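What follows draws every value from the coordinates through simple rules; no lab data is involved. These numbers were taken from a predicted model, which means no experiment stands behind them. Positions of Cβ are generated from backbone atoms using ideal geometry, with glycine treated the same way; all protein chains shown enter the neighbour counts.
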Amino acid sequence: MENKEVINTLSEIRNMMERSTKVLSLSGMSAVVVGIFAIVAAVLANHIIENEWLHVYKVRSLMILAITLFIICFMTILLFSKRKAKKNGLRFQFDRTVQKMLWNFFLPLIIGGVLCVGLIYQGHYGLTSSFMLIFYGLALINLSNFTFSNIKYLGYVQLILGLIDFLMVNHSLLFWMIGFGVCHVVYGIIFYFKYERKEKGEEC
């Protein structure tokens with residue numbers, strides 16, 4: 001009986017420490033929604049690329065689409081995280097841990113974004129998708145140090161897809177859709193059944 005109490009106490013201490021040093025309010029369903037948004041964006045991007053009458057505004061339209069997608073996805077993750085934190089009795093605030101997490105996540109994204117803008121400016125459009133995937137993969141690996149550690153595997157997949165995309169020709173949009181779309185949906189579903197479904201079961 002005493003051993004059980006000790007184990008429970010240690011488990012509670014571990015949970016408290018984990019909550020204070022890691023952001024545990026990320027939602028698997030937000031990854032699914034983000035993945036669906038990315039797939040829709042890829043279809044729209046393909047429509048823009050294939051339409052000749054959009055030729056003059058093609059690059060501008062794709063950049064507007066990418067920026068819009070990023071803002072919508074970020075807001076989606078934010079809203080789902082806030083909802084999950086409230087449901088689990090966690091405080092959702094931009095404390096030191098969240099600030100460090102955001103810095104480590106956005107640093108590779110900003111660097112990758114600047115490189116992509118440079119590539120577009122120089123006319124190397126085909127390389128932008130591989131750079132996006134590679135730097136996003138690095139951002140996810142950084143993120144895993146401040147939240148659920150298995151998110152790094154999604155980062156590794158993005159890196160591999162980015163490198164394959166870099167070595168292949170005329171398949172950029174396909175790799176982009178697989179990386180940002182399909183992989184997010186699959187990871188979100190796995191995450192949901194591994195963590196969030198389990199939490200619901202414990203509540204019942």
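Quick look at the numbers
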item: Average silhouette area of segment 27-203, convex hull of alpha-carbon atoms, in square nanometres; result: 10.2 nm²
item: Members of 58/100; 58/84; 86/194 lying beyond 27 Å, as alpha-carbon distances in this model show; result: 58/100; 58/84
item: Taking 197, 83 and counting other C-beta atoms within 10 Å, the order from fewest to most; result: 197, 83
item: Computed E for residue 71/residue 96 - FRET, C-beta separation, R0 30 angstrom, nearest 0.05; result: 0.75
item: Residue 127-residue 103 pseudo-label distance in nm [points 7 Å out on the Cα-to-Cβ vector]; result: 3.1 nm
item: Value of relative contact order over segment 27-203, rounded to a whole percent, pairs C-alpha under 8 Å and six or more apart; result: 33 percent
item: Label point distance in nm, residue 44-residue 82, each placed 7 Å from Cα along Cα→Cβ; result: 2.2 nm
